[in-house]
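Nothing in this text is a laboratory measurement; each read-out follows from the coordinates by a stated rule. Note that the structure is a prediction, hence the values are computed from the model and not measured. Positions of Cβ are generated from backbone atoms using ideal geometry, with glycine treated the same way; all protein chains shown enter the neighbour counts.
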C-alpha cells in the first residue's frame, strides 16, 4: 500500500474546505530539492544552506492564470522533524483550488501524493512514536467529546505506551535472569530466587490486568449514555421525546401502540451529551401477535442498556393506582418518574415523590426535565479509560494473552516446574506486549491501522 520511505511525499494537512489558511505538508529526503524547484523565496534567502528549522517567506510557482501563490515555508532540513526526515509545511491561502494547484506544482517538482496516514507511519517506523501513540493521532482527529480528546492527548503523550514499555523492559530483565540460570544450570549459582521470580511475575500480571480493566471501561464509555423512555402505550412518550429534542423525530398518534421499533435522537443539554430513546409501550396483555412480541423484546433490550430510565406515567388518567405496577418494577439503572400530559392532570395523580410533571403541549416542566437528565448523567461515575477506542479494540486480545502467559509463568515458577517453561511463557507475554506498542508488527497490522487515517496525517 505504501511507497518507499525514500520517496518525497506531499499532501494537504488542513481540512479540505474553504478557510483563511491552508497547510500542505512535505516529507522525504528530496524535500529541499523539491521546494527549490517550485518555490521562489523573498530576498536572497536559500533553502539549500539552511541547517536548522527556519521560516521562509516566498511564493509557490503554480499554473496560469495566477502563476504565483504567496506562502510561508516552515522547513525542518535535518532529521529532527515529525517523520525524522527533511520536512516542510507550506502555509498559504485556504481556497481549495489554490491548494490543489500548489500540490500539483510540488508533484511536478518531484514529490508524490501521500497515502492516508503515511506521515504518521513514517514517524512510527522512525521511532518517533510507538503504535499506541500513532493510534492516538487518529483518536485526536476523531474525538467527538472533550473526554475523548483528553484520552487521546494523554495516549499521544505516552500515557499508555510508556508504562507498557517500562513493563516490557522489566520483563526482559527478568527473562535475562531466568535464561542466565539455564546457562549455568550445572553451577551452584542462583541469579534470582523462586520467590522473587514469582513475585515479579505477579506484579506484572496485576499491571496487565489493571490495563485490561481500563480497556473494558473504554468500551463502556465509548458511546453516549442512553436515556430510555418507558411506560404504557399512549402514555405520551413519543410526544415527550419530540418536545425534548425540538423535532418531530417520533411518530405521534392517539392510537395506542403506534411505536413498534425504537427511535433514538442525540442531545446535548447543559454540557452533557446522551441519546434519548423512545420505545414501544410495555404491556401486560395475555394475547399479542409476533410484531408486538418483537417490539416488547426491543424495548427490554434498550432498557437493559439504559444509563437512565424515564418512567412516563399518564397524568390524565382518572386514578393513579392503575399505574402503580410501573412504579413497583425495579429499574436496571437510575430512574426518573415523569408525569406526562400535565396540562390534563387529574386530581391526586401527580403526587409521586420526586416526580416531574410535564406537558408536551404547553412546555410545562420540559426545561426542568432536561436539567434533571443532565444532572443525573453528569453525576454518574465515569470509568477511567486508558486508550482511544481503536487501541482498545486492537489490544484487548494481546493484553489478555500476555496476562495469561504471565499467570502461567507464575504458576510454573511457584510449583518449580522448570525455568525453561517459565522462559517460554515470558517470551510469549513479551511478544504480545510488543504487538501492543509496535515492537512486534506485521505489514497487515500497519495497513489496517494507518489506512483509516486522513491523507496528510
Counting other beta carbons within 10 Å of each Cβ, put 79, 177 in order, fewest first.
-> 79, 177
Ranked packing of 144-153, 31-40, most packed first, by mean Cβ within 10 Å = 31-40, 144-153
Burial ranking of peptide ranges 112-120, 199-207 (average Cβ count within 10 Å, highest at the top) = 112-120, 199-207
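Let's test the formula: R0 of 45 Å, r as the Cβ-Cβ distance of residue 344 and residue 150. What FRET efficiency results, to the nearest 0.05?
Working: r = 46 Å, r/R0 = 1.02.
Plugging the Cβ-Cβ distance into 1/(1 + (r/R0)^6) gives 0.45.
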Percent of all Cα-Cα pairs per 5 Å bin for segment 1-135, counting from 0 up to the last occupied bin, reads 2, 11, 21, 23, 21, 13, 7, 2, 0, 0
Between residue 424 and residue 367, what FRET efficiency follows from the Cβ-Cβ distance if R0 is 60 Å, with the result rounded to 0.05?
-> 0.40
Ordering 89-101, 388-400 by per-residue average of other C-beta atoms within 10 angstrom, highest first, gives 388-400, 89-101
